[in-house]
Protein chains: 2
Amino acid sequence: MYIVIVGCGRYGSLLADRLSCLGHSVVIIDRQKNAFKALSAEFSGFTITGDASELSVLHMAKIDAADCLLSMCNEDTLNLMVTQTAKFIFGVPKVIARVYKPSYESIFRKFGIEIISPIQLALEAFLQDLDLDRGPENEAQ
Amino acid sequence: MYIVIVGCGRYGSLLADRLSCLGHSVVIIDRQKNAFKALSAEFSGFTITGDASELSVLHMAKIDAADCLLSMCNEDTLNLMVTQTAKFIFGVPKVIARVYKPSYESIFRKFGIEIISPIQLALEAFLQDLDLDRGPENEAQ
């Protein structure tokens, strides 16, 4: 697959490394050149320094040919704009946004954007973990 | 359950709200008083302004009586120290740390601390989502 990732922070860089390692063609975009230092030495894709909310930058990333765009920034507004552009202007087949603030989940949904919310996943994992352990351990309850 | 949460950022505040809403007794600790603004109006627990790496602050939170301590900061070293203290000094029955940087996962495990890693959960969700959609959509592959 040809995958465009927006944002090379903790999330973007980890995903880029993993997808590159799995043999996919990856292009990763970030405003800060320094951000690409987070990529591993094994990353075999391309990096683009620029603002992904600008169409010219998405063109540079050959967005028209992308099978998939993942917007991984910690700015929900940027993720929302980039994913809408990819999905509705360029017709990228698979578009997913990372949700940063839980309050934005419903906004992404209203705009028809598929999301993954790390904080919700973690919340569910914490609650599940606590539920599973409501056994003999918690005699103090 | 009587639950102590360390860190009132995005993760800590959301979890505190939810656990309070579920009827648990929650005490949440943060160094910054302003951080507690992130809690909802419905939060019925207590807040403590202080550094949870200091034993006096954990005592203030009545750590000895806690069924559970969740350390939710975005500083792995602080989460590690607080969870070790809770587990091995105060014998809190259930102790879980949030992992911020993936590279810290193995360190928490070596110290016998149970963890939840939002970034790993999200990574798995992204990869699963992409795998599930390797069907007819991706003819360009």
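Nearest 10 degrees, 0 to 90: what angle lies between the long axis of helix A:118-132 and the longest principal axis of chain A (Cα atoms)?
Around 20 degrees separate the two axes.
Expressed as an acute angle from 0 to 90° and rounded to the nearest 10, what is the orientation of the C-alpha long axis of helix A:10-21 relative to the principal long axis of chain A?
Around 70 degrees separate the two axes.
Over what distance in Å are the Cα centres of the stretch B:29-47 and the stretch B:85-99 separated?
Here the answer is 21 Å between Cα centres.
How many nanometers, to one decimal and shortest first, lie between the label point of A:GLU54 and those of its other copies, if labels sit 7 Å from Cα toward Cβ?
The projected label point of A:GLU54 is separated from its counterparts by 4.8 nm.
May I ask you to evaluate 6.51 cos²θ - 1.76 cosθ + 1.60, the Karplus curve with θ = phi - 60°, for each residue of the stretch A:106-111 and list the ³J(HN,Hα) values in order in whole Hz, giving x for glycine and proline?
Calculated HN-Hα couplings, in order: 5, 5, 4, 4, 4, 8 Hz.
Compute the Rg to Rh ratio over chain A from the alpha carbon atoms, using the Kirkwood formula for Rh, and round to two decimal places.
With Rh from the inverse mean 1/r over Cα pairs, Rg/Rh is 1.09.
Which of A:LYS94/B:LYS101; B:LYS62/B:LYS110; A:LYS33/A:LYS87; A:LYS62/A:LYS94; A:LYS101/B:LYS62; B:LYS37/B:LYS101 have a Cα-Cα distance over 24 Å? Mind showing how you got there, number by number?
Details: A:LYS94/B:LYS101 27 Å; B:LYS62/B:LYS110 27 Å; A:LYS33/A:LYS87 26 Å; A:LYS62/A:LYS94 15 Å; A:LYS101/B:LYS62 31 Å; B:LYS37/B:LYS101 26 Å.
Beyond 24 Å between Cα atoms: A:LYS94/B:LYS101; B:LYS62/B:LYS110; A:LYS33/A:LYS87; A:LYS101/B:LYS62; B:LYS37/B:LYS101.
Taking H as built 1.01 Å from N, whose amide H comes closer than 5 Å to the amide H of A:ILE116, not counting residues under 5 places away?
For A:ILE116, the qualifying residues are A:ALA97, A:ARG98, A:VAL99.
Placing one identical point scatterer on every Cα of the protein assembly as shown and ignoring solvent, what is log10 I(q)/I(0) from the Debye formula at q = 0.16, 0.17 Å⁻¹?
-1.15, -1.23
Using 17 Å as the cut-off for backbone N distance, which residues of the stretch B:30-58 belong to the label zone defined by a point 7 Å from the Cα of B:PHE88 along Cα→Cβ?
Within reach of a label on B:PHE88, which here means backbone N under 17 Å from a point 7 Å along Cα→Cβ, the stretch B:30-58 contributes B:53-55.
Average partner chain C-beta neighbours within 10 Å, per residue of A:7-14? Numbers along the way, then the final one.
On the way: counts 0, 0, 0, 7, 5, 0, 0, 7.
Going residue by residue through A:7-14 and averaging, the value is 2.
What gaps in nm, shortest first, separate B:THR77 from its twins in the other copies when you place the label 7 Å past Cα toward the beta carbon?
In nanometres, ordered from closest: 3.4.
With springs connecting C-alpha atoms under 10 Å apart, model chain A as a Gaussian network and identify which of A:ALA86, A:ALA35, A:ALA122 has the largest mean-square fluctuation.
A:ALA122
Values in this text are rule-based calculations from the coordinates and carry no lab data. Remember, predicted model here, so these are calculated numbers, not experimental data. Ideal geometry is used to build each Cβ from the backbone, glycine not excepted, and the neighbour counts take in all protein chains shown.
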